[in-house]
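Single-structure report; data block below.
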Amino acid sequence: MPLVMRESTRPRGLLAWRVPLVAAGLLIVPVVIEVTRSNPNALYQPQSDRSAAPVGEADLNLIRETVVRYQIAHMTPNDLAPAAASRLTGFCLGFDRSGGTDPAASVLAALKDTTLPMTAYTACVKDGMKGRVPLWVVSVSSTGANSAQAVGRSVQNSYVYALERRAGVWIVTAAKLTGRS
C-alpha cells in the first residue's frame, strides 16, 4: 500500500477562525488603552483595596514611617544604579498616588535620624530634585486587627508591603515588586 501525504494535518476550521480573532483583538486593544488612560485602575484593582478597612491616623503615620524606613534600608539601594547611589544627597517623601501630599511635620521629624536628609516631595520638585530620590507611600489599608498592607514607590519602582504589629511596633514582613518605571 503506497504512503499518501496530505497537504496539511491541521483542520481547515481552525484556520478560518484565526483572521477574525486577530482582527477582533486589534480592535479591542485601542479601547483597552483608552480606558486605562482615563482611569489607570480600571483594569487592575487589588482585592485588598476593594474591601480594605481604613487605618486610624496614629497607625497610619506609624505604618508610613515603617514603610519609608524599609524603603531606605532595602529598596532604594537596589533600585538605584551604583553610580547614581554614590551621588544621592537625600530623599523626597510624598503620600498618595502622585506623591503630591506632603507628610505631616511629625512624620518628617520622626524620620530625621535617617542616613540622608528627608524633604517633603513638593519642596523637592520645586528645587528640581538636586540629587534626591522620591519615596512615596501611595496607600495603606488594614488587612486585620494587627496587619496592614501598604503600596509604595521607591525611586521609580512600585512595591506592595505586608506589615504586622508585633509588641506594639509595626514591622514590614514582606515586600513584592509590582512595577518598574
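Couplings 3J(HN,Hα) for segment 91-107, derived from phi with the Karplus relation 6.51 cos²θ - 1.76 cosθ + 1.60 (θ = phi - 60°), are 10, 10, 9, x, 10, 6, 4, 9, x, x, 9, 6, x, 5, 4, 5, 5 Hz, where x marks Gly and Pro. Whole-Hz Karplus values for segment 113-126 come out as 8, 5, 4, 10, x, 10, 10, 5, 4, 5, 5, 5, 4, 5 Hz, taken residue by residue from phi with 6.51 cos²θ - 1.76 cosθ + 1.60 and θ = phi - 60°; glycine and proline positions read x. Listed values for segment 147-158 are Karplus-derived 3J(HN,Hα) couplings in whole Hz (6.51 cos²θ - 1.76 cosθ + 1.60, θ = phi - 60°), namely 9, 8, 10, 10, 10, x, 10, 10, 6, 10, 10, 9, and x replaces Gly and Pro. Taking amide hydrogens as placed 1.01 Å from N in the peptide plane, the amide H of Thr143 sits under 5 Å from those of Ala148, Gln149, each at least 5 positions away in sequence or on another chain.
Trypsin sites (Lys or Arg not before Pro) within segment 130-174: which are DSSP loop residues with at most 14 other Cβ atoms inside 10 Å?
Values: sites: Lys130, Arg132, Arg153, Arg165, Arg166; in loops: Lys130.
Here the sparse-neighbourhood loop sites are Lys130.
Values in this text are rule-based calculations from the coordinates and carry no lab data. In this text, all values refer to a predicted model and were calculated from it rather than measured experimentally. No Cβ is skipped: glycine too gets one built from the backbone with ideal geometry, and neighbour counts run over all protein chains shown.
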